[in-house]
Amino acid sequence: MQLPPRSYSTIGLKIVMGLSGLILFLFLVVHMLGNWQVFLPPYYMNTYAYFLKSKPLLLWTIRLFLLLTLVVHVYTAIRLWRINRNARPFPYALILPNQASFESRTMIFSGFVILLFILFHLYHFSFKAPPFEYFKNFLYVFEKTKESIPDVRAMVIAGFQNPWVTFFYVFSLTLLFFHLRHALESFLNSLGFVNSRSLPWEKIIAHAFALVLYGGFVIVPLAIFFKLVH
């Protein structure tokens, strides 16, 4: 049976959104591992940050690539949302459990909050804009060379000592967990890996990856806020 042009367009958009989401997911894994350095002595996280800053071409290539990937992901998500909305301009009178999950019904909302979270994260740590400009005074001095570099670890600890900042991070990461949980399932479904026989296993794998990533991220602000990291 030949699919109509709209179906081809929808399938293509889903594949593009899935692949761009996979790239962002892999970045999150690397970023999470980098965050875990806060549990080590200051030398490790600050040396890691200094290495990235000392390679501006590599750093900006990665940043621009991730920005482009994020734009593509958001654009395709909005396109798909509009296509689905136009296909059914009136909502269901009754949403049954097998029709749509909570995550699928709130993907646009969670995605929007996550986008705000990314902008705040950049505003908070990368730009060090008011009221976080005092982060610029945090310096780490290497014992051997006496060279001063930004003390990234101290900035992270100071940032998460603010209860409002910690709450927003944890709230956003919780939405990210639900977003990822559904996104990973949808990605496997779009690739044709999901069927009536394998569905439970695919769901377990998707949920496990999302849960590990959520726990790996949320443990940092909570450990700092409850003064388990100094």
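Solvent-accessible area of LEU64, all protein chains in place: 110 Å² (probe radius 1.4 Å, heavy atoms, ligands and nucleic acids excluded).
Electrostatic bookkeeping for MET155 treats Lys and Arg as +1 and Asp and Glu as -1; over the other residues with beta carbon under 14 Å from its beta carbon, the sum is +2. Across region 116-130, coupling constants 3J(HN,Hα) worked out from phi with the 6.51/-1.76/1.60 Karplus curve, θ = phi - 60°, read 4, 4, 4, 5, 5, 4, 5, 4, 6, 9, 7, 8, 6, 7, x Hz, and Gly and Pro carry x. For TYR140, the amide hydrogen comes within under 5 Å of the amide hydrogens of ILE149, ASP151, counting only partners 5 or more places away or on other chains and with H modelled in the peptide plane.
Over all Cα atoms in region 13-59, the spread is summed up by Rg and Dmax: 14.4, 45 Å.
The values are calculated or read from the model by the stated rules, or taken from the named source; none is laboratory data. Just so it is clear, the model here is predicted, and its values are computed rather than measured. We place every Cβ from the backbone using ideal geometry, glycine too, and count neighbours over all the protein chains shown. For the accessible areas, the whole protein counts, side chains as well, though only heavy atoms, and no ligand, DNA or RNA atoms are used. Shrake-Rupley method; radii C 1.70, N 1.55, O 1.52, S 1.80 Å.
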